[in-house]
Amino acid sequence: MKNVLLQACEELVDDAKTGCSDLVFKEVCLEILSRAKNVLNGEDFKRLVEYASEQMTQEAIVCVDNV
């Protein structure tokens, strides 16, 4: 069950990464982390923080269609 919660939190971070601008993404990540702290154990929370940090430092991929 613990692994499922961690995976769900990581998927929330991934969804935010693809659907938000950089600044909004960082705000959403902070909100996810603040809520995840209440449901994850210490080790899983630390893994989620590391995962979110990696996602925050990666460049956003912007898709632009030529019209």
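Two-decimal Rg/Rh of the range 2-57 from alpha-carbon positions, Kirkwood Rh? Present the calculation step by step, with values, prior to reporting the outcome.
Working: Rg = 10.3 Å, Rh = 11.0 Å.
Here the Rg-to-Rh quotient is 0.94.
Under a Cβ-Cβ cut-off of 11 Å, what is the net charge of the residues other than Ser53 that fall near it, where Lys and Arg count +1 and Asp and Glu count -1?
Numbers: positive: Lys26, Lys46, Arg47; negative: Glu50, Glu54.
Spelling it out: positives minus negatives among the neighbours equals +1.
None of the figures in this text is laboratory data; all of them are computed from the coordinates on show. For clarity, every value in this text was computed on a predicted model and none was experimentally measured. Note that we place each Cβ from the backbone using ideal geometry, even for glycine, and neighbour counts take in every protein chain shown.
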